[in-house]
Structures are given as C-alpha cells and as structure tokens.
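Enquirer: Here you go, one structure.
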Amino acid sequence: MKYSVVIPAAGQGKRMNAGKNKQFIMLDGKPIIVHTISVFQSDDRCEEIVLAVNEREHDDFRTLIKEYNLTKVSRVVTGGKERQQSVYEGLKALEGDKVVLIHDGARPFFTHQVARKVAKAAEYYDGAIVAVPVKDTVKQVDDLTVQKTIDRSSLWAVQTPQAFRLSVIKEIHKWAEENEIIGTDDASLVEMNGRAVHVIQGDYWNVKLTTPEDLIFARAILREKKESEV
C-alpha cells in the first residue's frame, strides 16, 4: 500500500523551552525533524512528503532537506497558526485519491511496520490511528481535588501517524473550517463528523518530544537502538 505524508512542523514548541522550533533540536547529531523524515524516506511504500512550516523557517527546512538528501519531500508549504490549519495547508498540496498519513514532526521513533499497518487500514475505514493502552491510573480532577477515578480498561493514548483517504480528510478539514470546529487531532474531526476511526496498536517507544524531559527518553531510545544493532 503506497502512501503520502503530511508533517505539520510550524509550531514553536514552547513547552520545550528551547528558544527555537523544537524540530531543530539535535539528537545524535541530527535535528529531530530529520530523524522523523528519514523513517519515511527509507520506506519504499512512502511516495512523497509535504512539510507545513512557519513562513520564517522555509529556508531552514529547505537547507536540511538538501543537506540530508531527503528527496521524498516534494513540497514545503506555509502552515497556519494552529496545527489543524497547518495540516489542511499540507493536504491542499496533494492531489488524487490516495492514502495520506499525518504525522507529528517531533515523533521520530515510529516504524515502517506501524506506518504500513495504519495506511492499510485507511483503505477500509474513514480513518485509522495508532494508539497504545493507557498504563497509569487516570483521575478526573477539578481545582486539585479528585472527582472520580476513570476506568482505564477502555482508554488508549493516541499517537501518530494517522491515516485517511485523501478525499475524505480534505472534505473533513473543509467542513471543520467552514463550521469553525477545532479538533484535538485529525481523527477527532472525523469522529465529530460521525465517521468511523479504526485503531492500530502501536508501541510505547513512539513518544512525542514535547518537554525537556522527553529528550532524556529520546536519547535513551537511541542508545538502545544502537546497542540492539550491534
């Protein structure tokens, strides 16, 4: 199953406290975004990649694409103020009725297997997501007081990539824009539109690098990967 990819990378990641777009933070000698794109670059099922970036950072991203020979990046478009707007701008750059994966630029530890599974599921469902069962006890809290404990047996933590038919997700984003609807992720827009989203079980290594603490986990994962390859 061939697929295309949209990666929103316009956000500045304020929770990382890096003083710059977290996509440019170095991990093992390469920027985070290069690690992420390289997974798709090395998958023969991936046909093209569209990056949605901050208008001021076009040249920076184009420099990285050239330096690391990321030939599958076909377009660099200007993203919006919100992630949802950036994704929509990326989707507009694609044509045809293909399967498209939407993936967080700061989530570099997914695998070809996961990308292929979620892409395959998008052939049969209106949307498909990668997720893992919640491990911790979850409590509903108001004003630092526990209101109730949530049954975690049905709770899953959602990751990316998420996969859709391009025609479906374009239609959903257009509908959301016209109705001023903001979702927490692309799959939530599909859900709010009354359509079915299928779940593919992922793995706990597929973390999103959001805070400085996440970089500690990222470096540990990279060390583990290196050691397992020896």
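Enquirer: What pairs can you find where one residue is in segment 44-61 and of a type in the set (D, E), the other is assigned to a loop (DSSP other than H, G, I, E, B), and their Cβ atoms are less than 7 Å apart, with a gap of 6+ or different chains?
Expert: Within 7 Å, the pairs are E47/K2; E48/K72; E57/N21.
Enquirer: Mind checking which residues of segment 82-122 are surrounded by fewer than 23 Cβ atoms within 10 Å (Cβ to Cβ), small (G, A, S) and under 21 Å from H198 (Cα atoms)?
Expert: A121
Enquirer: Can you name every residue in segment 133-171 that is among the aliphatic types (A, V, I, L, M) and in contact (Cβ under 8 Å) with a residue 60 or more places away in the chain?
Expert: Answer for segment 133-171, where residues must be among the aliphatic types (A, V, I, L, M) and in contact (Cβ under 8 Å) with a residue 60 or more places away in the chain: A163, L166, I169.
Enquirer: I would also like to ask the following. Could you pull out the residue among V118, V130, V199 that is touching a helix residue (DSSP H, G or I) at 6+ places or on another chain (Cβ under 6 Å), among the hydrophobic types (A, V, I, L, M, F, W, C) and in contact (Cβ under 8 Å) with a residue 40 or more places away in the chain?
Expert: V130 is the lone residue from the list that is touching a helix residue (DSSP H, G or I) at 6+ places or on another chain (Cβ under 6 Å), among the hydrophobic types (A, V, I, L, M, F, W, C) and in contact (Cβ under 8 Å) with a residue 40 or more places away in the chain.
Enquirer: Could you check segment 131-181 and list, in sequence order, the residues that are β-branched (V, I, T) and over 25 Å from the mean Cα position of the chain (by Cα)?
Expert: Of everything in segment 131-181, those that are β-branched (V, I, T) and over 25 Å from the mean Cα position of the chain (by Cα) turn out to be T137, V141, T145, V146, T149, I150.
Every number here is computed from the coordinates shown, using simple stated rules; none is lab data. These numbers were taken from a predicted model, which means no experiment stands behind them. Using ideal geometry, Cβ is built from the backbone for each residue, glycine included, and neighbour counts are taken over all protein chains shown.
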